[in-house]
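S.K.: First the structure, then my questions, so here it is.
The values are calculated or read from the model by the stated rules, or taken from the named source; none is laboratory data. For clarity, every value in this text was computed on a predicted model and none was experimentally measured. Methodologically, a virtual Cβ is constructed for each residue, glycine included, from the backbone with ideal geometry; neighbour enumeration extends over all protein chains shown.
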Amino acid sequence: MRVFVTGGTGLLGNAVLRELNAVGHDSVALVRSPCDSVAFEGIDTEFVTGDLLDRELITNVVRQCDAVIHAAGLIHLGWRRLQESMRVNGEGTQIMVDACLQHGCKLIHVGTVNTLAVGTLEQPADESTPCSNAGGQIPCSYVLSKRAGVEAVKKGVEQGLQAVILAPGFMLGPWDWKPSSGRMMLALSKGWKAIAPSGGCSVCDVRDVAAATITAVDKDLSSGRQFILAGENMTYKHLWASMAQRFGQRAPLMSAGPFQRRIAAALGDLIGCIYQEPDFNSAAIKMSSQYHWYDSSRAEQELGYKPRHVQQTLDDAAAWVREKHM
């Protein structure tokens, strides 16, 4: 099978290309500039240089493939890049949907748990949990644009598109070249962080998500079926302590309280009004105060998804950060 992969320099896209090689599928990777030989070391793939928004290019590549794994996307947890996020995550997905419809190509769309409901301490969310649960997701640029991408896929399904929608949790692991989620671990490696965010997330291994993604390509599934690919539900205080310990740093003393959250949110938004919006803005602070805890039972039953122990993931992610980014 010949599979077109977007987002090959990203954490998941890179792992997907490696998994495709391992199971014997041919792959084509979209890159925005001539390929980085370091990031793609050990990967046997064909490269296509271009932009996700180039409709003609995308259509021509899709025409030559059996399936598409759309893993590219813009991740910005804030308010100020909505237009840019909608172009990449919304319009870019629509172009992919149109191309797959035109050429009868199966689409595996990689979304995020942030398009779904929010869980709670008492009850992780699943694919059927109402989106209004626990106050709902924070309607920032990332959430709104990724939801636009999912809606484009769902409308395509109504028109005959064969598609599966995947929603990974907080992915960690090797091959995080940029880094993406590894930025959290890298920051914790550099010094003590006394206060952790007050919420939690579901930590999963990018290699397990990549394996499930390939299964979604190969398996005959109901079109439009959604799958959460999550893992260990952890508070950020626990996660940060586990990350810090791997770099010889002290664990956080406490989780952020209402006062600390308000100060950080106000300061981040003020900086964003003057300069570029920082990672700690009011949208990110609010999101990190929620419990993004999830149940992957559907994926385990239908895709054979098998999340490995979180300690192995953290060990391997820490080793990668130490080797490549320190």
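S.K.: Return the residue satisfying two criteria in turn: it lies in the range 58-88 and is assigned to a helix (DSSP H, G or I) and in contact with a Leu (Cβ under 6 Å, 6 or more places away or on another chain), and of such residues it is farthest from Thr6 (Cα to Cα).
M.R.: Initially, the range 58-88 is screened for residues assigned to a helix (DSSP H, G or I), giving 58-63, 82-88.
Cutting the leftovers down to in contact with a Leu (Cβ under 6 Å, 6 or more places away or on another chain) gives us 85, 88.
Details: Ser85: 16, Val88: 12 Å.
That would be Ser85.
S.K.: Something else: Could you grab me the full set of residues in the range 276-288 that are under 16 Å from Ala117 (Cβ atoms) and out of contact with any Leu (no Cβ under 8 Å at 6 or more places or on another chain)? Outline the logic, then answer.
M.R.: Of the residues in the range 276-288, the ones under 16 Å from Ala117 (Cβ atoms) are 286-287.
The one that is under 16 Å from Ala117 (Cβ atoms) and out of contact with any Leu (no Cβ under 8 Å at 6 or more places or on another chain): Lys286.
S.K.: From the list Ala210, Ala230, which residue is buried (at least 24 other Cβ atoms within 10 Å of the Cβ), aliphatic (A, V, I, L, M) and farther than 23 Å from Ala283 by Cβ? Break it down stepwise before answering.
M.R.: Working: Ala230 fails: farther than 23 Å from Ala283 by Cβ.
Being buried (at least 24 other Cβ atoms within 10 Å of the Cβ), aliphatic (A, V, I, L, M) and farther than 23 Å from Ala283 by Cβ holds for just one of Ala210, Ala230, which is Ala210.
S.K.: Now for a different question. I need every pair where a residue in the range 212-239 that is within 18 Å of Val68 (Cβ to Cβ) has its Cβ under 9 Å from the Cβ of a residue that is at pLDDT below 95 and of a type in the set (Lys, Arg), sequence separation at least 6 or different chains.
M.R.: Ala212/Lys306
S.K.: Can you tell me which residues in the range 95-123 are buried (at least 18 other Cβ atoms within 10 Å of the Cβ) and of a type in the set (D, E, K, R)? So that I can check it myself, show each step before the final result.
M.R.: Quick first cut of the range 95-123, residues buried (at least 18 other Cβ atoms within 10 Å of the Cβ) only: 95-101, 105-119.
Within the range 95-123, Asp98, Lys106 meet the criteria.
S.K.: Pull out all pairs, ordered by first then second residue, where Cβ-Cβ is under 6 Å, the residues are six or more apart or on different chains, the first lies in the range 172-185 and is of a type in the set (A, V, I, L, M), and the second is in a loop (DSSP other than H, G, I, E, B) and modelled with pLDDT under 95.
M.R.: Pairs found: Leu172/Ser181.
S.K.: If you don't mind, another one. Yes or no: Ser145 of a type in the set (Gly, Ala, Ser), in contact with a Phe, Trp or Tyr (Cβ under 7 Å, 6 or more places away or on another chain) and within 21 Å of Ile75 (Cβ to Cβ)?
M.R.: Numbers: of a type in the set (Gly, Ala, Ser): yes; in contact with a Phe, Trp or Tyr (Cβ under 7 Å, 6 or more places away or on another chain): no; within 21 Å of Ile75 (Cβ to Cβ): yes.
Judged against the criteria, Ser145 is not a match.
S.K.: In the range 124-138, which residue that is farther than 13 Å from Ser296 by Cβ and touching a residue at least 60 places away in the same chain (Cβ under 8 Å) is surrounded by the most Cβ atoms within 10 Å (Cβ to Cβ)?
M.R.: Top of the filtered list is Gln137.
S.K.: Please find, within the range 112-146, the residue that is nearest to Glu277 (Cα to Cα) out of those that are assigned to a loop (DSSP other than H, G, I, E, B) and aliphatic (A, V, I, L, M). Give the steps one after another, and end with the answer.
M.R.: Of the residues in the range 112-146, the ones assigned to a loop (DSSP other than H, G, I, E, B) are 112, 116-118, 120-124, 126-132, 136-140.
When the remaining residues are screened for being aliphatic (A, V, I, L, M), the result is 116-118, 121, 138.
Working: Leu116: 25, Ala117: 26, Val118: 25, Leu121: 30, Ile138: 17 Å.
Residue satisfying both the conditions and the ranking: Ile138.
This table checks each residue for (1) closer than 22 Å to Asp176 by Cα; (2) β-branched (Val, Ile, Thr); (3) modelled with pLDDT of 95 or more.
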| site | (1), (2), (3) |
| --- | --- |
| Ile228 | yes, yes, yes |
| Ala241 | yes, no, yes |
| Glu277 | no, no, no |
| Ala283 | no, no, no |
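S.K.: State which residue is modelled with the lowest pLDDT when the search covers only the range 147-198 and only residues that are charged (D, E, K, R) and assigned to a loop (DSSP other than H, G, I, E, B).
M.R.: Initial filter on the range 147-198 (charged (D, E, K, R)): 147, 151, 154-155, 158, 176, 178, 183, 190, 193.
After this cut, where a residue has to be assigned to a loop (DSSP other than H, G, I, E, B) as well, the list is 176, 178, 190, 193.
Numbers: Asp176: 93, Lys178: 86, Lys190: 94, Lys193: 95.
Here the residue is Lys178.
S.K.: Any residue in the range 1-10 that is out of contact with any Cys (no Cβ under 7 Å at 6 or more places or on another chain) and at pLDDT 95 or above? Working first, answer last.
M.R.: Taking the range 1-10 first, the residues out of contact with any Cys (no Cβ under 7 Å at 6 or more places or on another chain) are 1, 5-10.
So of that shortlist, the ones also at pLDDT 95 or above come out as 5-6.
Yes, because at least one residue in the range 1-10 is out of contact with any Cys (no Cβ under 7 Å at 6 or more places or on another chain) and at pLDDT 95 or above.
S.K.: Would you check if there is a residue in the range 189-200 being buried (at least 21 other Cβ atoms within 10 Å of the Cβ), under 13 Å from the mean Cα position of the chain (by Cα) and more than 18 Å from His70 (Cβ to Cβ)? Spell out the reasoning first.
M.R.: Initial filter on the range 189-200 (buried (at least 21 other Cβ atoms within 10 Å of the Cβ)): 196-197, 199-200.
Keeping just the survivors that are under 13 Å from the mean Cα position of the chain (by Cα) gives none.
The answer is no, given that none of the residues of the range 189-200 is buried (at least 21 other Cβ atoms within 10 Å of the Cβ), under 13 Å from the mean Cα position of the chain (by Cα) and more than 18 Å from His70 (Cβ to Cβ).
S.K.: Among the listed residues Leu166, Leu186, which satisfies the condition of being touching a His at 6+ places or on another chain (Cβ under 9 Å), more than 20 Å from Val113 (Cα to Cα) and not basic (Lys, Arg)? Break it down stepwise before answering.
M.R.: On the way: Leu166 fails: more than 20 Å from Val113 (Cα to Cα).
When all the criteria are applied, what remains is Leu186.
S.K.: List the pairs whose first member sits in the range 74-95 and is farther than 16 Å from Gly272 by Cα, whose second member is among the basic types (Lys, Arg) and surrounded by fewer than 17 Cβ atoms within 10 Å (Cβ to Cβ), and whose Cβ atoms are under 9 Å apart, counting only residues at least 6 apart or on separate chains?
M.R.: These pairs meet every condition: Leu74/Arg87; Gln94/Lys155; Ile95/Arg55.
S.K.: Working only within the range 182-234, note down all residues that are among the acidic types (Asp, Glu) and either touching a Cys at 6+ places or on another chain (Cβ under 9 Å) or more than 18 Å from Val164 (Cβ to Cβ) (or both). First the steps, then the outcome.
M.R.: Looking only at the range 182-234, we keep the residues that are among the acidic types (Asp, Glu), and these are 205, 208, 218, 220, 232.
Selection gives Asp205, Glu232.
S.K.: Mind listing whichever residues of the range 1-15 are in a helix (DSSP H, G or I) and under 21 Å from Ala99 (Cα atoms)? Talk me through it step by step, then tell me what you get.
M.R.: Applying the first criterion (in a helix (DSSP H, G or I)) to the range 1-15 yields 11-15.
Across the range 1-15, the qualifying residue is only Gly13.
S.K.: Within the range 267-286, can you find the residues that are crowded, with 22+ Cβ neighbours inside 10 Å and either within 18 Å of the chain's Cα centre (by Cα) or closer than 19 Å to Met243 by Cα (or both)?
M.R.: Selection gives Ala283, Ala284.
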